[in-house]
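Peer 1: This is the structure I want to talk about, given as structure tokens.
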Amino acid sequence: QPSVGTYLASNIVSDVLKTHMPLVYLDNVSSDQSGFPIPWSTTMNVIRNITSQLHAHGVRVLVNAAWVPGLVSQSSVDQLLNSGCDGISLEMAFLDPNVRTSISAIQTATNQYRQLLNAGRTVIMIGSKGTDPSDTLEVESHLLAAFGLMFRNPGDKLFVFQLYWQAPPDWGAWTSKFGAPLGSAAIAANSLGQIVMTRQFANGSLSLNTATRAVTASFK
């Protein structure tokens, strides 16, 4: 109900302003396309209310969306942008097998990520372990970093999670080591039917296999 949305937004704004912090992170912003019963448009109206009030006080707003880029509708992406929020984090950034095993879904996902980044939004990829025992958080962060570089352009506000209690991962220096991209990523199925993404950069090339999760970084 509209009155409930207004009540919720008012209390969130009040709580945030009491902290005197410059950023609020809203968890979890759920979508009806992920099984939540409330329409995404209704949820975005609440987010728009929260964001407009907090922006008036100089507070940025990030949302953790229960979303799957590549499967989520284009209208949902548009509505998120229209909410005015400053960025989004995703726990299903590239984990869903329905995305990883479909060239079409991967292309849709990369296009949706580019739409968010082109609009100046912050995009945070939060990893989760898959069902395969070998798919550890370390493996997932490595794959996400490689996937992110398949569509990242210099200056994009794109971030990938890393485990804070371990040494910085090798991919942390990729953006500076690879240099500027020379074009868009190529995506195709290999002889085994596995999907491989490859992108050329000024100082090397990067490839990832979505089936095996193998990542190959080559530098000149």
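Peer 1: Which of the aspartates and glutamates could a cross-linker bridge to LYS220, judged by Cα under 19 Å and excluding same-chain residues fewer than eight apart?
Peer 2: ASP170
Peer 1: Give me the aspartates and glutamates in straight-line cross-link reach of LYS177: C-alpha distance below 18 Å, same-chain residues under 8 apart excluded.
Peer 2: Straight-distance partners of LYS177: ASP156.
Peer 1: Find how much the distance from SER218 to SER205 grows on full extension, using 0.36 nm per residue of separation minus their present alpha carbon separation; answer in nm with one decimal. Kindly include the intermediate steps, with their values, before the conclusion.
Peer 2: Details: separation 13, 0.36 × 13 = 4.68 nm, distance 0.53 nm.
Computed gain between SER218 and SER205 is 4.2 nm.
Peer 1: Given +1 on the Cβ of Lys and Arg, -1 on the Cβ of Asp and Glu, and no further charges, what dipole in debye does the chain carry about its Cα centre, rounded to the nearest 20?
Peer 2: Numbers: 13 positive and 13 negative charges, 114 e Å.
About 540 debye.
Peer 1: Can I ask one more? Please express the Cα-Cα pair-distance distribution P(r) of region 134-220 as a list of whole percents, one per 5 Å bin, running from 0 to the bin with the greatest distance.
Peer 2: With 5 Å bins starting at 0, P(r) equals 3, 14, 26, 24, 20, 10, 3, 0.
Peer 1: So if I place +1 on the C-beta of Lys and Arg and -1 on the C-beta of Asp and Glu, and nothing else carries charge, what would the dipole magnitude of region 108-220 be about its Cα centre? I want it in debye, nearest 20.
Peer 2: On the way: 9 positive and 6 negative charges, 78 e Å.
Taking the Cα centre of region 108-220 as origin, the dipole is about 380 debye.
Peer 1: How high is the relative contact order of the chain, given as a whole-number percent (alpha carbon pairs under 8 Å, six or more residues apart)? Could the numbers behind the result be given before it?
Peer 2: Numbers: 367 pairs, mean separation 29.3, N = 220.
Relative contact order, the chain: 13 percent.
Peer 1: Helix by helix through the chain, keep the DSSP H runs that span 15 Å or more along the axis on Cα and average at least 0.5 on Kyte-Doolittle, and give those back in order.
Peer 2: Numbers: long enough: 2-19 (26 Å, 0.47); 40-55 (21 Å, -0.24); 103-118 (22 Å, -0.33); 137-149 (18 Å, 1.11).
Membrane-span-like by this criterion, though nothing is claimed about a membrane: 137-149.
Peer 1: Further question on the same structure: Ordering ILE103, ILE88 by how much accessible area each has at a 1.4 Å probe, largest first, what is the list?
Peer 2: Values: ILE103 55, ILE88 0 Å².
Ranking ILE103, ILE88 by accessible area, largest first, yields ILE103, ILE88.
Peer 1: Separate question: Have a look at the DSSP beta bridges in the chain and tell me what percent are antiparallel, nearest 5. Could you put the intermediate results ahead of the total?
Peer 2: Values: 16 of 33 bridges.
Roughly 50 percent of the DSSP beta bridges within the chain come out antiparallel.
Peer 1: Another one. Taking amide H positions as placed in the peptide plane 1.01 Å from N, state which residues far from PHE161 in sequence (5 or more) or on other chains have amide H under 5 Å from it.
Peer 2: The answer is MET125, GLY127.
Peer 1: Round to the nearest 10 and report in Å² the accessible area of ASP170, as given by a 1.4 Å probe over the protein chains' heavy atoms.
Peer 2: 90
Peer 1: For region 88-166, report the translational diffusion coefficient in µm²/s to the nearest whole number, using Stokes-Einstein at 20 °C, 1.002 mPa s, and a Kirkwood Rh over Cα pairs. Walk me through the numbers on the way to the answer.
Peer 2: Values: Rh = 13.0 Å.
Estimated via Stokes-Einstein, D reaches 165 µm²/s.
Peer 1: Here's a follow-up. By how many nm would the segment from SER184 to PHE36 grow when fully extended, if each residue of separation counts as 0.36 nm and the alpha-carbon distance is taken off? Please report the intermediate quantities before stating the final value.
Peer 2: Values: separation 148, 0.36 × 148 = 53.28 nm, distance 3.48 nm.
Contour length minus the Cα-Cα distance gives 49.8 nm.
Peer 1: Quote the FRET efficiency, to the nearest 0.05, computed for LEU192 versus TYR164 with a Förster distance R0 of 45 Å and r equal to the Cβ-Cβ distance. Show your work: numbers first, answer last.
Peer 2: Values: r = 36 Å, r/R0 = 0.80.
That pair, LEU192 with TYR164, gives E of 0.80.
Peer 1: Okay, moving on. Please tell me the relative contact order of region 102-220 in percent, rounded to the nearest whole number, where contacts are Cα pairs under 8 Å and at least six residues apart. Numbers along the way, then the final one.
Peer 2: Numbers: 171 pairs, mean separation 24.5, N = 119.
Normalised by residue count, the contact order of region 102-220 is 21 percent.
Peer 1: Shifting gears a bit: To the nearest 20 Debye, how big is the dipole of region 48-148 about its Cα centre, given +1 on the beta carbon of each Lys and Arg and -1 on that of each Asp and Glu?
Peer 2: Details: 6 positive and 8 negative charges, 77 e Å.
Roughly 360 debye, rounded to the nearest 20.
Peer 1: Quick one: if you stick a label point 7 Å off each Cα along the C-beta vector at ALA119 and SER52, how many nm between them?
Peer 2: Inter-label distance under the simple model: 1.6 nm.
Peer 1: Once you put a point 7 Å from the Cα of LEU8 and another 7 Å from the Cα of ASN28, both along the Cβ direction, what distance in nm separates them?
Peer 2: Roughly 1.4 nm, to one decimal.
Peer 1: What is the ratio of the Cα radius of gyration of the chain to 2.2 N^0.38 Å, where N is its residue count, to two decimals? Working shown, then result.
Peer 2: On the way: Rg = 18.4 Å, N = 220, 2.2 N^0.38 = 17.1 Å.
Ratio of Rg to 2.2 N^0.38 Å for the chain: 1.08.
The values are calculated or read from the model by the stated rules, or taken from the named source; none is laboratory data. These figures come from a predicted structure and were not determined experimentally. All Cβ positions, even for glycine, are placed from backbone atoms using ideal geometry, and neighbour counts span all protein chains on display. Protein only, heavy atoms only, side chains kept; ligands, DNA and RNA dropped before computing areas. Shrake-Rupley method; radii C 1.70, N 1.55, O 1.52, S 1.80 Å.
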